[in-house]
Every structure is written in structure tokens, then in C-alpha cells.
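Heads up, the thing below is written out as C-alpha cells.
The values are calculated or read from the model by the stated rules, or taken from the named source; none is laboratory data. Keep in mind that what you see is a predicted model, and the values were worked out from it rather than measured. Reconstructed Cβ throughout: ideal geometry from the backbone, glycine too, with neighbour counts over all protein chains shown. Please note that ligands, DNA and RNA were not included when accessible areas were found on the heavy atoms of the full protein model with its side chains. Shrake-Rupley method; radii C 1.70, N 1.55, O 1.52, S 1.80 Å.
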Amino acid sequence: MRRVILLTISIFLSYFSLHSSLLEFQIRDFPWDDGKALILEWRLDADSDSLRIQKLDPNGHYVTIYDTTKPSGTIMDDDVQPDEAFQYRLIVYNRATGDSAMVDRSMVPLVQWYNTQKTPLLVMMLLLSGATLYYIIASKRGKEFFIRRINALDSMEEAIGRATEKGKPILFIPGIGDLDDIQTIAGLTILSHLATRAAQFDADIIVPVRFSMVLTAAREVVKEAYTRAERADAYRSDRIFYLTDDQFGYVAGIDGIMVREQPAANFFLGSFYAESLILAETGFSTGAIQTAGTAMPHQIPFFVVACDWTLIGEELFAASAYLSRDAQQLGSLKGHDFGKLLCISLIVVGVILEYAGIHWLSNIFNIG
Amino acid sequence: MSYINTHVRWERMTLFGILFLAVMIPLILPIGWRTDVSPHVQMVYDLVDKTPPGSAILISFDYEPSTMPELKPMAMSLVDHAWQKGHKVIAVALWPMGVQMANDVFSELTASPSEISSDEIPDVQTTDVKEKDESDEMMTPAVSANSIRRYSSKRYGIDYVNLGFKSGAMVTIKAMGRNIRETFPTDTFGTPIDSLPIMDNIVHLRDLAYIISLSAGDPGLKQWIMVAHDNFKVKVSGGTTAVSAPGFLPYINNRNQLRGLMGGLKGAAEYEKLMGTFGPASIKMDSQSIAHVIILVFIAIGNVRSFRRRRKQRQARDKE
Amino acid sequence: MAEIMTTIGVWIGVFLTFSIFSFLYRDNPFYRFAEQVFVGLSAAYGFIYIIYNVLIPNLFTPVLSDMSQNWLLIIPGILGILMLVRIYPPAEWISRYPLAVVIGTSAGISLMFYLKSDFMNQIAATMINPFAIPSASAISGSFLIILGTICGVYFFYFSKKQEGLFAIPSKIGIWFLMISFGASFGYTVMARISLLIGRIEFLLRDWLHIIK
Amino acid sequence: MKRTIPVIITFVVGMLVIISEFVPHKPFGSIAGTLENWFLIIAGFAIILGVLSLLRMSGHKINSKAPNWQYYLAGIISFSVMVLVGVLWGMRESRGIFGDGENLFNWLGAKPFDYLFNNFFIHLSATMFSLLAFYIASAAYRAFIIRSFESNLLMITAVIIMLGRTSLGNIMTGWLPQNMQFLHLPRIADYIMIYPNSAAQRAIMISAALGVIGSSLRIILGIERSYLGGGN
């Protein structure tokens, strides 16, 4: 009997002790974020066999999200939505004494005005755009920058010349992307230069497009180019036309144009997917001089193999600046180069740090 | 008019004709070359093989008819393997057409032998049977022409379910991580999820033993890796078209972001080899091998011709 | 009846398949017919698809069912209509307004997206300890990745004549690019042959019933 | 009015999107997503322009009896029929003006729109796509010629990968002894894909990203604005 009483007392005491020694279970909002994380912190002075943190799911069940025996610690729950209350509970259990304790907490994750997790991104953006702006301003003030030759771009003029000599049209494909793809816009800015040249040489330029918004932009570009060349009268809006939104329907149409109109120069500049090789091979079979350019890594090989000239990746974006020979634009290319040097030095430093077992730099760059 | 003269045109036509035949003939008369298994496919196989019976697993059908030749054989082998191991298969789709893709696979695998039309029943069953039968501990299903097992006893809602399509890949997966039942309140046929026994005890992605995405592009495997693995720590594996496979190789790393990968038809054929079946992918792989040989021969001929032409030109120049 | 229509469907498919294949030989009436049918059908498909899957669910349904919650959607609606003003040529320039919104959005989104995923994350992926995995292939491979990435990036460097000493990394960069192009090409052959297999399967199975 | 305001709009919109990346608080946090949705809607309206352009071009060819005008007529008919059945009976889950057309469905085995899609569109699309198999062969035949060191690299890697990807590599080098396994063709192919190939792809991605960043900045700052046309 005494043993039973003692046991009861001890259970009572230990329960009490566990409860009172459980110092805290706190939930805080993750500071300066987009409201998608909470910090859960607990501290317990007594021993426990199991310590579980559970979270109330939308169906009203508590689900264990963390299971440990550590007496104190913090975890982050990033599976939350901003401005919604989330319920948690901490359950501690001590098998030897049979004690258990439970604490309930709830918290609303808040959205702040700045997301500190994005600081590396911000710094990098400011560095790159700052450098670009610096070079643009510098070139505006008359500083001249050297830009090496890009053969594929120098050859474009020649291709237009050949088309004019032969009296055959020029075909321009601004890729199969819509205007939400910068490659399409880059293609259109090159079109602006080509169309000016074509207008000067009085060559016919055909631009079939895949999306209606590209149609609108392409017409504005070509019209402006003809006006600039003082040949506004020669501009024909029906040479810039829409075919279809469908990838292969568009390609079937272009193939037809290539074999029937026999253009002497083909330009494929923009974003291309699988159809790249169909276009390039059909163009080859009609004997056109072909210039292609895309930043799609998977399609570049096909253009390299089947076209006369290929703008690889970044060269597509540099093209309009290069062709315009405009000081501001050339200055901005210098900004690209700053980015490259930065990238190379970061890689070198990063590799050395990684080898030394220091991971903070690569972690900074690994952002979601 | 055309740039290409008649000679070159005929040369091209010959190439095309040979290639067409080279692809077609092995489809009619399979050769039976076996590929060896790459470690990445082995990883996928091991993941399925080592998961205990009774586990619920998820296969995401993120493809459409255009990429069926590459991805459907993977789906067939995977579901086959999962059922052999006694897993419960839950299908979802991040692509609208994926729903139909999943239904196709299930109906083909569950078609009872009597449902298979007479021309689908093989004349020479025995030759195929001896290839498999290494690990039929769960059941002994009927065997069809391509020696893919048939599971007429597998029941919808108990052994497998098709939850259907949801748009907004990343968001959908995140929502599934929080609660699958809310993301998919019904299956694709409109049956409430609560009345499907297979879904008992399944609330989160974490309740799944593994997730396999058969992915033809974006959205697909990438989103599953980024959300299901990176956020919710569920094992993710997958199969992709051959073209996009290299892009996923970096995810097979020490963080186990991706547990194995099947790339294209070859990956599918390797999985069939591991399963001990000579399925559709293995047959097509023969076509592939022949076509590759033909192209290599073309390259060789092209080189010989260009070498001769250049020598002729040089000789002509020397004479001048 | 549905079976007959399915059979007819298969024959149509076969006819169109051969019409497109005939282009491999040269342009001909069959291809011209198939091409124009394809352009017409696919343009119609895109048109109908956008009405049912973009305009109705993203604009008309939300605006008509709950105006107070979705009033903001009126703006893109107006911008869309401004786009259509182009039909009247003297007012063509008005379409530049929606165009400016669209291009501004694309530029902003692309800038952030590429900075994150293609610039920073790729740099992070290259910060590797080459000796992390102690095998000859992994160590040599890691060095190749670091060297190849650096030289490849340098290949695109514009503001330096690539002569003398500066030509070396650029040259190495080209080698890596060439290896990669060859690899991509060789790797893609299989996917392309798969497409042809798919077509031949259709002809042999659905049409001729030679294979199962 | 014609040019300055659009440039200002581009600048403001571009800056808002960038700000929304760093400021999660309302109303900034959702700007990028909202604008993306707007893009879809504007593009949805714009498709009418495309359709008009297509009809005008084909109509012109038919009217003037230009060469091959009959085919353009076939194109216009295909377009009109597809649009008509789409509007009348809808597509897949969407209902048209006349509902789902059950009778037609029973007769065709699908909605008329889907019937056209399945039996015309899919075959045309798949066949057009499959032309690539032929073109990849002819491109290889023509271009993989031993010439310069660079083009040899291109060709040799392509050949190794092609061998390694199929059963051939296995047949050719499968017999190699254990200590020569590193010469096994599938292994070499994998090695090339994982290491040098990734390196070059990465270099292209990184530099192209710089190009995109530069172009985007030029667009937002209004330096590159040819897409807006001329005038004041």
C-alpha cells in the first residue's frame, strides 16, 4: 500500500515537475519575409523520451511535423500561408515517470515590406544593373568601348545584298515565342536593322509570325524601319502576316513559303524549339543563306550544323546593340562583360571556399 | 528552279527511304538486342522494389499523346512493378491530357484476358513466359503478347485511383503537400475521395512512399523535385523524354533530390529488362539501334564522298 | 456508326500522314493541301482554345459573376480592346499602349527570372569541391565542369580582342561548346527516331493491323 | 503621345515587377502574377488580329486567283468549319452554343471539334514533327565531315553518344575487361553528357542570362524601343 501511495505521489510530482519545468513553447513570425514561414521554439528543463510538435491540418487533425528528444531547439515551418492562423501543439512524454504535458499555441504568419531572404538577389541585381548604367552613362559622355567582331552579324548585310542581287525575298522568323519571351523581342530589334537595310536595298522582306501580339510588334518595327530608310511608300503590311498559333502548323506554313517563294536569305532569330532543324534543313534545300540565333541551348547544335551563321546564346541579345553601333547600346554590352568577369571570379572564389569546406558563398547563391 | 539538283534530291530520297525501312522493319520483326542497365534506371527500380508492400505511391502523368511512345512504356512498367510489389497506385496529372494517359495505362493493365481481343493473344506464349517469372510473389497475372502482366483482379478505388488533372503545377503540389484531400476532393470521375478506400489514411504528400513523375516537359518532374522533395522531403523519381533527361542529371546528387531517372525509350527498355519483360520499349529500342547504325553509316559515307570530292578538287587545282 | 467514323478517321490520318511525308521529296499538291488545311485547322484550334480556356475562365466568368471582386480585370479587357483598334489603320498607334504593358511585364519578369535561375543558381551549381567524391571520373569531371564553365563564359566576352594569351581560354571554351553541341545532337537522334516510330506504329497498327 | 507614353508605361510596369520581387507586402507581392494573367487576356484579344490577318492574306490570294489559290481556299474552309463546330458544340469539357451535341457525339464518337482535332490535327502535327527524324539524318550526313579540329570534336562526340545511347555501344565494348571498363561506350557517353556537356550548357545559360538582363534593362530604360515603332 505504501508503495502504491509513493508511486502515486511520485507520478503526481513528476507530472507537476515536468509541467512546471517545461519552460516555454513559443511561435514567432519569421521576420522580414513573404509570410510563408513561422519559427517554433521550445525549451524544456526535464528529460523526456519523446517530444513531438504537431500542427492542425485543415481537416481538423493534428499531424506530427517534428519528432525529437532534444530538450530545446527551434524549427522553421515553411508550409504556411500568409495571414492565416496556424495551430500547433507540443507534446512531451516521459516513459519512466509516465508523465506527459501538452502546450497549445497559434500564430499568424505576417507579410513584411521587405524579404531579407532576397538580399543576395537584390545585391546582385544592383551590381549588374549599376554596372550597365555606369557604362551607358560613360559612353554617353563620349567614352568609346571596344567590341570585338561577331562574324555572324557582319554577314547579315552580305546576305541581304545577295537577296537584292538575285531579286529574291528575305525571310525573317522571329522565333516561336510570344512577346513574353525576351528572345522574341531581341529578334524583333534585329528585324528593325535588317528591315532598314532591306528598305534601302529595295529588297522584299517576308515575316510570318506565330502570335498575334508578335504580329503587331513586328509590323510596328518594319514600318518604322521603312520610314527611317525614307521608303515609307514601299512598306507593305501584308508581307508581315500571322499563320497560326500552333507550333507545327506554323512550321508547315513556313516550309511552304520557303519552297514557293524561294527566299535568298533566311533569318531565324528568336526562341526556337524542336522545329529548328525542320526550318534549317528546308531552308538549306532551297539554297538560301541562313543566319540563325537563339538562346535555347538544346537547339543551337541544329542551327550550327545546318545554317551558315549562328548567333549563340548571348550573341542574340548583343546583336541589336552591335548592329546599331549606338554608343548607349554598346555601353550596355560592356555591362554584360562586367557580369561575365564577376561570374568567373565568383566561381573561382566559390570553388576555393568549397574546397576549404566553407559553404556560405554557395549557399548565398542558392536561392529559390 | 530549285537549288538542289536532281542528283542531290535522289541522294536525299535514298537516305530517307533507307531510314524509313530501317525504322519500320524491326517493329514488324523484332531482333531482341538487350541493352545494359544504367545506374540511374537501376535507382528507380530499386526505389520501387525496396518499398514495402501496402505502401501508397503516386505517379504523375505529365505527358500527352505526342510523347506517348517514350513515356507510356515507362508508365506500364512502373504500374506493373508497383502492383507486383503490392503498392497502391495513385495517379494525378499536371497536364490536362495526362488524365487520359493514366486511364489508358490502367485499363490496359487491368484488361482481363477475356477482354483482350483475339488478335492480341499471342500465338507463342511460352517463348515470352520463360523470360519473366522471376519474382511473381504477389500474383500470377495473365501474360499477353508483349509479356506485360495483366491484373484483372486489381480494383479501382482500392488498388489504384486516378485523381485527375489540376492546373498550376507548383501551387497544386504545394497544396497537396498540405492536404491531398482538399486539393483533390474527388477523383477524375467525380467520386468523392472519402468514398475511395485507397485514400484512407492519406492526407499529405508525406504519406506517400515515393512519387514518380513521367514528364514530357514543363510542368512536370522539375516541379515535383522542387516542391515535393525540397519542401516536403518525399522521395521523388521520374522518367522523361530523352531530350530533357540530361537537364535532370544534376538533381541526382548527394542531397537525393532525384532518386534515379529514366531517359527516353532507352530508359524504358532498361526498366523492362530489369522487370524481365520484352515490352514495347524493348521492341522499339531495336528500331532505334538500327536507325542509329544507319545514321552512322550515312556519316561514314558522307565523309568518304567529301574526301573524294576534295581530292578531286585538289588534283584539278594541281593540274592548273 | 461511331466505328465507321473512327475507321474513316484513321484513313484521313493516313492520307494526311503521307501528304506531309511527300514534302520530303518536293513540294507537291498533296503537301500544299495538307499544309493549308493544317494552318487553317490549327489557327481555328488556337482561336477556339483561347476563347474557352483563357477568355471565358480568366476574364468573362470572373467579371460577370462577381464584378466587385474582379473589377481589376477590366483593365486587361480594355487593353485587349485597344489592341484591336489596329483594325482601323489611322489609330494603329494606340495598340502601342497594351504592347508597352506586355513588354514591360516581360522585361521585368525575365530580368528577375534569369538573374535567379540562370545566373545565380548556375554559378552556385559550379561552386563545387572537385574532390568531394573520391573517384577518378568524378574528380576529373568536376574539374572539366569548372574549367568548361569559366572558359565557355569567357568565349562570349565582347570587349577584348581574342588574340594571343586571351585567345586560349576562348579556344577552350569553343571546344567545350563543340563537344556539347555534338553531344546534344547525338542524344537527340533517339528522340527524333522515336517520333518516326510513333508514326510508323500508327500506320502499321491502326491502319494495316500488322503489329499489335 | 505615340511614343513617349508607351516608353513611360514600359518603364513603370517593368519597375513594378522588379519591386514586387522584393516587396512581398500588399499590394506589391502579387503584381507579377496579376500582370502575367493580364498578358494572357490581352493575348486572347489579340488573336483576333491574327485570324483577320490570316483570312485577309488567304482571301486576297483567292480573289486574285494567285498561283495555288485553291489550296488557300481549302485552308479557309478548314478554318471556318473548325471554328463553327467549336462555337456550336464546344470542345472537350466546354459546352458550345448548342450544348454538347449528344447526337453528333454518338455518331462520331467525339464532339465534332474533337473529332477534327483527333483525326486531322494530331496526325498533321505528329507527322510534321516526325520529319525531324529524316532531317536529323540528312543533316548528319551532310555536316559531320572531318574538317577542322572543332568540327571533328562535334562529330566525334555525336558519334560516341549515338553509339553509347543504343544497344550498339554495349555490343561493341561490352566485352572489355574490368580494368578497361572506363572505355565502355555507354559510360563514356554518360560521362560526356554529365560533365563537359553540362559545363558548356551552363556557360551558354549564364552568358545568355546576362544578355537577357542587359536586354531587359535596355527595354525598361527605353534605350531599346524599336518594337514601339516610330512617330512622336
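Some notes on this structure:
- Each of A:ILE278, A:ALA234, A:TYR322 was placed along the dipole of segment A:229-368 (beta-carbon charges, centred on the mean Cα), and the one lying farthest toward the positive end is A:TYR322.
- Within a Gaussian network of chain B (alpha carbon springs, distance under 10 Å), most fluctuating of B:ALA281, B:ALA268, B:ALA111: B:ALA111
- Label-to-label distance, nm, for residues given as C:PHE143 and B:ARG309 (7 Å Cα→Cβ offset): 4.1 nm
- Cα gyration tensor, the protein assembly as shown - rounded (a/c under 1.5), prolate or oblate: rounded
- Taking every protein chain into account, the accessible area of the protein assembly as shown amounts to 40 square angstrom per residue (probe 1.4 Å).
- When the helices of chain A are scored as -39500 (n - 2.57) per DSSP H run of n ≥ 4 and the total is divided over every residue, the value at 222 nm lands at -15500 deg cm²/dmol.
- Within 10 Å of the Cβ of each residue in A:345-353, the mean number of Cβ atoms contributed by other protein chains is 5.
- Within the protein assembly as shown, DSSP assigns beta bridges of which about 50% are antiparallel (rounded to the nearest 5).
- 3J(HN,Hα) from dihedral phi, segment D:4-11, Karplus parametrisation 6.51/-1.76/1.60, rounded to Hz, x for glycine, proline: 5, 4, x, 5, 5, 4, 4, 4
- Structure remark: mean-square fluctuation, Gaussian network model of chain B, C-alpha springs under 10 Å; the largest value among B:ILE283, B:ILE193, B:ILE18 belongs to B:ILE18.
- Entry note, chain C: the mean residue ellipticity at 222 nm calculated from DSSP H runs of n ≥ 4, each adding -39500 (n - 2.57), is -22000 deg cm²/dmol after division by the residues and rounding to the nearest 500.
- Per-peptide average of other Cβ atoms within 10 Å, ordering A:261-268, D:69-76 highest first: A:261-268, D:69-76
- Residue among B:LYS284, B:LYS166, B:LYS50 with the largest mean-square fluctuation in a Gaussian network model of chain B, springs linking Cα atoms under 10 Å: B:LYS50
- Under 13 Å of direct C-alpha separation, and excluding same-chain neighbours fewer than eight residues apart, B:LYS284 reaches these aspartates and glutamates: B:GLU70, B:GLU270, B:GLU272, C:GLU201.
- Counts of other chain beta carbons within 10 angstrom of each beta carbon in peptide A:285-298 average 4.
- Cα-Cα over 28 Å, subset of B:LYS88/B:LYS174; B:LYS166/B:LYS222; B:LYS72/B:LYS166; A:LYS340/B:LYS266; A:LYS118/B:LYS233: A:LYS340/B:LYS266
- Considering only A:GLY357, D:SER148, A:MET102, and ranking their Cα positions along the charge dipole of the protein assembly as shown that arises from unit charges at the beta-carbon of Lys, Arg, Asp and Glu, the one farthest toward the positive end is D:SER148.
- Estimated vicinal HN-Hα couplings, Hz - segment B:285-301 in sequence order (Karplus 6.51, -1.76, 1.60; Gly, Pro = x): 4, 4, 3, 4, 4, 4, 4, 5, 4, 4, 5, 4, 5, 4, 4, 4, 4
- Per-residue [θ]222 nm for chain B (sum of -39500 (n - 2.57) over DSSP H runs n ≥ 4, rounded to 500): -14000 deg cm²/dmol
- Three-way shape call for segment A:134-210 based on the alpha-carbon gyration tensor, with the a/c threshold at 1.5: oblate
- Measuring between their Cα centroids, segment B:273-308 and segment D:178-228 lie 28 Å from each other.
- Carbon and sulfur %, accessible surface of segment B:175-320 computed with the full protein complex present, 1.4 Å: 51 percent
- Under the convention that each Lys and Arg Cβ holds +1 and each Asp and Glu Cβ holds -1, the size of the dipole of the protein assembly as shown around its Cα centre is about 3140 debye.
- Taking a ≥ b ≥ c as the square roots of the eigenvalues of the alpha carbon gyration tensor, segment D:138-222 is prolate, as a/c is not under 1.5 and a/b beats b/c.
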